[in-house]
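Engineer: Dropping the structure in here first, questions after.
Please treat every number below as a calculation from the coordinates, not as lab data. In this text, all values refer to a predicted model and were calculated from it rather than measured experimentally. Backbone-built Cβ (ideal geometry, glycine too); neighbour counts: all protein chains shown.
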């Protein structure tokens, strides 16, 4: 810019900067001002956590609103969680209290009276979730122009969370539908701390518009980080002794290690990959603290915890004077301000490099190094395990994620989805609920022009509509128009319709008159369960109202969780895992137990020849494939073994652990013959549709919320193309020759 951007900012913003004693604007804020003030393009701010992205977006945008006040809401902010919106709402209120620019938030926890006040005089900034935005499009369609007629900017926070998900595709649909009402495309600003391929994010952000996206290349400060990874063997809690469950030893080194490391710093955040895992670790930490005579400083934060308890955890983390330890899932992975965090502990391994960086970035703010300790547990082995069960897959996964970032600064790209039929159903029904009767041509024009559906053919959409008419979700009127049908009406009019992620029919848990949270499957009366890091006993279950009445008790409870592998593990992670298993490099962050476990695994790998071959004989007629492929090509290979190779090799008992290994029995053929048969897949013309059958439908239907309303042929087509990757599988098999 030709002059210091500070002097272009509105006076109230300059005063805010002075009051907060900022020495200067950060580089990302200077660049954002340049793009917002001097161009008409969209803006993508892709810099690290705590780099000032939110302020970079809002300082110039609010300046423009101050200089030329819009007659309606001027800025629409879309955030992935209510907690993040609440946090940003407080931050913006602090900034705008002297500017007479109102800030509103709109989601399920906001009172109707506040929403009514906004509707009376829609001005300023509106912060909203995708679900509440869907509600507006359906229920306030006649008031959208009054609310957004002069909308200037749309800010989408945590872009990486939305990209590649049905929820993110829902957002793109909403923006395009809103543009139909406004007959204009407001400028978009995307914010993210963990993006690998900027071009993918730029294409996502501008979808459906004609503007380009500018991504300022800001030279970020080199991130200083402290990393450590440790490994422990723990008893199998399901193993029985003399007909009794083996009691859990809270003095086991695994638990005391987590306890001690979490108390070495004043503020510690423990990440688990499941809600049960967070509950279990905090219940354990409390048990140890009570035994040692330490105060209770422990909290749990996840989506099934009641809002007051989540907010209490956030407040405790923000309090600079008191120590606090909180275990969380993805709910604290995003950019909620929880103050100065000294250490992050990760139980097991986050599935992706992106998640690792998000979690690492929660610590190390205000000039301090980011600090993350990985703690792996593995069941004690009996000595009878086959080779694939002797490999520490979680530890290798951890090493691969760390090394890919340290060596290459690599982050996973987003895989596009061609056939999001579940979302197409949702947007079709939402459009009819919003606009009323539409001709077939008008409905198709509204739906198929939405950005996520550019690969869906008119024939496929016609088949979907015919099916919806058949099941009475859509009705054709005497005038040949389409409206919501009798069977579709109760679905569309239910508040749960606004979300595209699967419903969770959970039971509300109440202690006296206070809500504690929710659980999916309540145990019988008199039995125990864990929630909010405490142990409860069921007093009564109201099945009709789905309420569990419970009392708090002392004691411990067994909790079990599964290693649920999502469909987004990239091939590059698997191949870096193989390299970690086969190379002799020592990694400085590995602690004694992890180093010993890796050395043991490397010895096993060398003995089995895993550095030279992908097929290993396990004894008798049992074999194991180590594909070193990402999840989608792995599934394609698994199905090729089932449908293409099974006859030639007489394959039976096909099994495995996605995406690490495949085991099977082959009544004829040795290792080399199996390898040749797998390599022969390169020469065979395999179409994805050949690898799915109607017997897959029970597994496919639960994958997306509205799959139950999609005709079978479209479900199979979508699964074949979006959940298998035959092309990448074949490409990776070239290395097997």
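Engineer: Which of the three applies to the stretch 613-736, rounded, prolate or oblate, going by the alpha-carbon gyration tensor with a ≥ b ≥ c and a/c under 1.5 meaning rounded?
Structural biologist: Prolate, because a/c is 1.5 or more and a/b exceeds b/c.
Engineer: If you don't mind, there's one more thing I want to ask. Quick check: from the Cα gyration tensor, does the stretch 507-553 come out rounded (a/c under 1.5), prolate or oblate?
Structural biologist: rounded
Engineer: Can you tell me how much longer the chain between residue 203 and residue 469 gets when fully stretched, taken as 0.36 nm per residue apart minus their C-alpha distance, in nm with one decimal?
Structural biologist: Once the chain is fully extended between residue 203 and residue 469, it gains 92.3 nm.
Engineer: Does the stretch 225-408 classify as rounded, prolate or oblate by the C-alpha gyration tensor (a ≥ b ≥ c root eigenvalues; a/c under 1.5 gives rounded; else a/b over b/c gives prolate, otherwise oblate)?
Structural biologist: Oblate is the answer for the stretch 225-408, as a/c is 1.5 or above yet b/c matches or exceeds a/b.
Engineer: Residue 14 to residue 591: extension gain in nm, 0.36 nm per residue of separation minus the Cα-Cα distance?
Structural biologist: Full-extension gain reported as 202.9 nm.
Engineer: Which of these values of Cα extents along the principal axes in Å was calculated from the structure shown: [x] 83, 73, 61; [y] 77, 69, 63; [z] 135, 61, 45?
Structural biologist: Checking each listed value against the structure points to [y].
Engineer: Return the distance in nm (one decimal) between the two label points of a simple spin-label model at residue 542 and residue 462, each offset 7 Å from Cα along Cα→Cβ.
Structural biologist: Those two pseudo-labels are separated by 5.2 nm.
Engineer: How high is the relative contact order of the chain, in percent, counting Cα pairs under 8 Å that sit 6 or more residues apart?
Structural biologist: 12 percent
Engineer: Moving on to the next point. Label residue 113 and residue 554 with points 7 Å out from Cα along Cα→Cβ: what is the distance between them in nm?
Structural biologist: So the label points at residue 113 and residue 554 sit 4.3 nm apart.
Engineer: Compute the relative contact order of the stretch 1-159 as a whole-number percentage, counting only Cα pairs closer than 8 Å that sit 6 or more residues apart in sequence.
Structural biologist: Once normalised by length, the contact order is 27 percent.
Engineer: May I ask you to derive the relative contact order of the stretch 613-736, considering only C-alpha pairs under 8 Å and at least 6 residues apart, and to give it as an integer percent?
Structural biologist: This gives 30 percent for the stretch 613-736.
Engineer: Here's a follow-up. Sum -39500 (n - 2.57) across every DSSP H segment of at least 4 residues in the chain, then divide by the residue count to get the 222 nm mean residue ellipticity, nearest 500.
Structural biologist: -12000 deg cm²/dmol
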